[in-house]
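Below you'll find the structure, written out as structure tokens, and then a few comments.
The values are calculated or read from the model by the stated rules, or taken from the named source; none is laboratory data. Note that the coordinates shown come from a computational prediction; the quantities given were computed from them, not determined experimentally. Backbone-built Cβ (ideal geometry, glycine too); neighbour counts: all protein chains shown.
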Ligand code: CP3
């Protein structure tokens, strides 16, 4: 961890220090939109086989960095590794997304859950972090950039664990919130302990920044978000050990639909807040008041636009952020407001990344 990446724009921006250009990385930057990803996945046989093999996880993590001058790598894995290690039995039914063989539906099932051991049950994740970090530091044909580790939020993990997979209406978990809130709090609590242990272990293995994905926080009413998601994000931000000063490992709290809660998130203790595109970057910057960095927030669908349209939309996010941040680009990490889709064109990703760097040079 003493080894600083040659390109430290991401870490400097997350600390709100000056940088020459705004750093950029993209959620789901490794994925099915890349032909080389599809080839590796075919070789592995399945997404899970690939994620559980540290060499293949490393290979797909580095694939987007070989194509684009991105300012960070993100561990190739999944948020559902934790509930899988808790014994729920993760699987992917073709074309249906993630599912669990043994969802948790009542207090008795929740009481049986425990925090998995990070260096045995989740060793494959830590081995992937160590392998990727070694390759990034060695610079074998890839730029030396920081490695981001990640976890799902306690609420978002609970959604999958209770629903048994993806959901449109979140009926089961919302019913639990209403009918047996103590059981849900017990689930959120064990998940929070697991997330803190998981992120700590990734940091020890070599992750240089950490992101929590609260993908489903935005399906909660504000009052329910304040009861079932926010307090657990705050506990992670306060309790996750991550060093001091320039050696501190920054924590990014990303949430879909978190715009109603920016003031509370700015006071959470996290170093950065990630937002989707339903709030303007300038408004988000103003409301965060310079207390934390902002990550985001281009609508991923902009990648379906023409190169000129992409450049115009990139400029709007960059300049909107600066306008809301007292005229300064400091403290901004450029990203999409959510992950990329398999039908996006790699050529358009190249346009986006180059536009961020070209349009954010200091003095521009
Ligand atoms: O950003 C990156 O490049 C890192 C990789 C990453 C994946 N999943 C790889 C993946 C990350 C950060 C995740 C997190 C994740 N997983 C989230 C939170 C982020 C978000 O999107 O809000 C969620 C909700 C999941 C659960 C999950 N895993 C879903 C909904 C899916 C998609 C299923 C599908 O068929 O599209 C997955 C599988 C998954 N995770 C894929 C990838 C690249 C697709 C698997 C494939 O190759 O078929």
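Among the residues of the range 131-148, write down those that are surrounded by 16 or more Cβ atoms within 10 Å (Cβ to Cβ) and closer than 18 Å to residue 56 by Cβ.
Once the filter is applied, which keeps residues that are surrounded by 16 or more Cβ atoms within 10 Å (Cβ to Cβ) and closer than 18 Å to residue 56 by Cβ, the range 131-148 yields 131, 132, 133, 135, 136, 142, 147.
Across the range 11-32, what is the number of residues that are surrounded by fewer than 22 Cβ atoms within 10 Å (Cβ to Cβ), over 17 Å from residue 337 (Cβ atoms) and within 16 Å of the ligand (Cβ to nearest atom)?
1
Looking only at helices (runs of 4 or more DSSP H) that fall completely inside the range 205-314, which ones have 3 or more residues that are within 25 Å of residue 349 (Cβ to Cβ)?
Of the helices (runs of 4 or more DSSP H) lying wholly inside the range 205-314, those with at least 3 residues that are within 25 Å of residue 349 (Cβ to Cβ) span 281-288.
Does the range 75-87 contain at least one residue that is more than 12 Å from the ligand (Cβ to nearest atom) and over 29 Å from residue 154 (Cα atoms)?
no
Take the residues in the range 35-61 that are within 30 Å of residue 19 (Cα to Cα) and away from the ligand (no atom under 11 Å from the Cβ), then tell me which one is farthest from the chain's Cα centre (by Cα).
59
With the structure loaded, tell me whether residue 65 is more than 22 Å from residue 348 (Cα to Cα) and assigned to a helix (DSSP H, G or I) or whether it fails that test.
In short, no.
Yes/no matrix, rows are residues, columns are (1) farther than 29 Å from residue 110 by Cβ; (2) within 10 Å of the ligand (Cβ to nearest atom); (3) in contact with a strand residue (DSSP E or B) (Cβ under 8 Å, 6 or more places away or on another chain):
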position: 125; (1), (2), (3): no, no, no
position: 136; (1), (2), (3): yes, no, yes
position: 147; (1), (2), (3): yes, no, yes
position: 151; (1), (2), (3): no, yes, yes
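Looking at 293, 260, which one is more than 16 Å from the ligand (Cβ to nearest atom), in contact (Cβ under 8 Å) with a residue 24 or more places away in the chain and either surrounded by fewer than 23 Cβ atoms within 10 Å (Cβ to Cβ) or closer than 21 Å to residue 200 by Cβ (or both)? Before you say what the answer is, go through the steps one by one.
Values: 293 fails: either surrounded by fewer than 23 Cβ atoms within 10 Å (Cβ to Cβ) or closer than 21 Å to residue 200 by Cβ (or both).
Of the residues listed, the single one that is more than 16 Å from the ligand (Cβ to nearest atom), in contact (Cβ under 8 Å) with a residue 24 or more places away in the chain and either surrounded by fewer than 23 Cβ atoms within 10 Å (Cβ to Cβ) or closer than 21 Å to residue 200 by Cβ (or both) is 260.
Yes or no, residue by residue, for (1) more than 16 Å from the chain's Cα centre (by Cα); (2) at pLDDT 95 or above; (3) closer than 15 Å to residue 27 by Cβ:
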| site | (1), (2), (3) |
| --- | --- |
| 256 | no, yes, yes |
| 260 | yes, yes, no |
| 271 | no, yes, no |
| 275 | no, yes, yes |
| 279 | yes, yes, no |
| 293 | no, yes, no |
| 296 | no, yes, yes |
| 300 | no, yes, yes |
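What number of residues within the range 330-346 are assigned to a loop (DSSP other than H, G, I, E, B) and within 11 Å of the ligand (Cβ to nearest atom)?
Counting residues in the range 330-346 that are assigned to a loop (DSSP other than H, G, I, E, B) and within 11 Å of the ligand (Cβ to nearest atom) gives 6.
Considering the range 92-111 alone, what residues qualify as being touching a residue at least 12 places away in the same chain (Cβ under 8 Å) and either away from the ligand (no atom under 11 Å from the Cβ) or exposed (fewer than 13 other Cβ atoms within 10 Å of the Cβ) (or both)? Spell out how you get there, then give the answer.
Our first condition is that a residue be touching a residue at least 12 places away in the same chain (Cβ under 8 Å); within the range 92-111, this holds for 92, 96-107, 110-111.
Listed by number, the residues that qualify are 96, 97, 100, 101, 102, 103, 104, 105, 106, 107, 110, 111.
Please go through (1) at positive phi; (2) out of contact with any helix residue (DSSP H, G or I) (no Cβ under 7 Å at 6 or more places or on another chain); (3) within 16 Å of the ligand (Cβ to nearest atom) for residue 219 and return the number of the only condition it doesn't satisfy.
If we test residue 219 against (1) at positive phi; (2) out of contact with any helix residue (DSSP H, G or I) (no Cβ under 7 Å at 6 or more places or on another chain); (3) within 16 Å of the ligand (Cβ to nearest atom), just (1) comes out false.
Take residue 87 and tell me if it is more than 30 Å from residue 325 (Cα to Cα) and part of a loop (DSSP other than H, G, I, E, B). Steps first, answer last, please.
Numbers: more than 30 Å from residue 325 (Cα to Cα): yes; part of a loop (DSSP other than H, G, I, E, B): no.
In short, no.
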